[in-house]
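Working notes, structure below.
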Amino acid sequence: MRKCLLTTDRDVLLGRRLMPASGGPRAYRRRQGTSALRLLRKFKLAHYPPTRATKSTPTPNEGTHAAGSGPKPPGSNRILARRPGPRASGPPRRTITSANTSPTRRMRGLGAFHSGQSSLSGRRISRLGRQKLKVLYLSHTGPAFRKGDRIEGLDMIDFWVSIGSTYSYLSVMRLKSVEEASGVSFRWRPFSVREIMVEQENIPFDGKPVKMAYMWRDIERRAKKYGFEPRLPAPYPLTEFDLANKIAVVAETEGWCADYVRAAYRQWFHSGHEPGSEPGVSEALRELGRDPARVLASARTGRIEERYKRDTEEAKALGVFGSPTFVVDGEVFWGDDRLEDAIAWFKAKGEMKDR
């Protein structure tokens, strides 16, 4: 959240007048200075910690005055606050412009009411005449999102995939060409579909030979349509299901998740080697130029275990219950045959946002 200061020609700093119309600065300090100074000092210390200060360099034809350094030259209407020296740290400060033009109503750096108190480091208060209400930003944080920043689910489709899902083979192997043809990007999100299915008591093929035979035949037909030639049936279910997917989490954190998942499915469906088990796991990693020993050690760390569980919980929260699943701005599309529907929904949402 960006902090801001509202200023007018009569009301400055939290909507209060710094000085009344009569009485002068000393009378005002006696009546209001104690509480006002306390409030402003707390604000200053909370948001602008002290920094090393040096005198400002005056510009030609301009009267200048470093706060607390002596009397202000006559005829000058500019006040330059102390600026941080070469050892000062922190972001650059923006200029604060005050609309108070009377010498008795100047604001010397947000609460510096007398010459002995330092004003804000890096702040400059200049006289520009009477103005309308202005918003002056006191921090350099910038907006929460800038144009071009990724906002979750709005500029790409989340592809929730779990190595060990048989139908995910179809989406995994064709997704790269689909991205090129459609111009839509996908974010690969590995998770544990097994944990979700066990929790829901969903056992799709184990102990169901007729259904399993249909599944392998259906995948073979669809793969042929896409130009793939898998060797089916492949080993199923996977012995090292979780390890295979934790490696995918490692790959996601390092930026090579899509390549790894494709290599793992090639080893599984084309060579008959289970992902997560030898020799399939090492072959897939060597194919990508990765050190199997390093990657496997990383996949077994507590950091990856925590990330794996957290991503699975996120999938549950989104309503994901199977793999592959495509999520567009909270809208869930389950199955390889819903990939084109997800792309159409994504493009329609984009057109609505552009209107």
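Flag set for Arg303, criterion: assigned to a helix (DSSP H, G or I), closer than 15 Å to Glu254 by Cα and in the same structural domain as Ala248 (by TED's automatic domain parsing).
State whether the residues of the range 221-242 include one that is surrounded by 24 or more Cβ atoms within 10 Å (Cβ to Cβ), touching a residue at least 24 places away in the same chain (Cβ under 8 Å) and under 14 Å from Ser323 (Cβ atoms). It would help to see each step written out before you state the result.
Of the residues in the range 221-242, the ones surrounded by 24 or more Cβ atoms within 10 Å (Cβ to Cβ) are none.
Checked against the condition, which is being surrounded by 24 or more Cβ atoms within 10 Å (Cβ to Cβ), touching a residue at least 24 places away in the same chain (Cβ under 8 Å) and under 14 Å from Ser323 (Cβ atoms), the range 221-242 yields no hits at all.
The set of residues in the range 271-288 that are under 13 Å from Ala244 (Cβ atoms) and either part of a loop (DSSP other than H, G, I, E, B) or touching a residue at least 24 places away in the same chain (Cβ under 8 Å) (or both) comprises His273, Glu274, Pro275, Gly276, Ser277, Glu278, Val281, Ala284, Leu285.
Do the conditions hold for Ser277, that is, is it assigned by TED's automatic domain parsing to the domain that holds Val178, out of contact with any Asp or Glu (no Cβ under 8 Å at 6 or more places or on another chain) and surrounded by 14 or more Cβ atoms within 10 Å (Cβ to Cβ)? Can you show your working first?
Details: assigned by TED's automatic domain parsing to the domain that holds Val178: yes; out of contact with any Asp or Glu (no Cβ under 8 Å at 6 or more places or on another chain): no; surrounded by 14 or more Cβ atoms within 10 Å (Cβ to Cβ): yes.
No, not satisfied.
If you filter the range 179-198 down to residues that are without any contact (Cβ under 8 Å) to a residue 24 or more places away in the chain and in a helix (DSSP H, G or I), you find that the one that is surrounded by the most Cβ atoms within 10 Å (Cβ to Cβ) is Glu179.
The values are calculated or read from the model by the stated rules, or taken from the named source; none is laboratory data. Remember, predicted model here, so these are calculated numbers, not experimental data. Note that we place each Cβ from the backbone using ideal geometry, even for glycine, and neighbour counts take in every protein chain shown.
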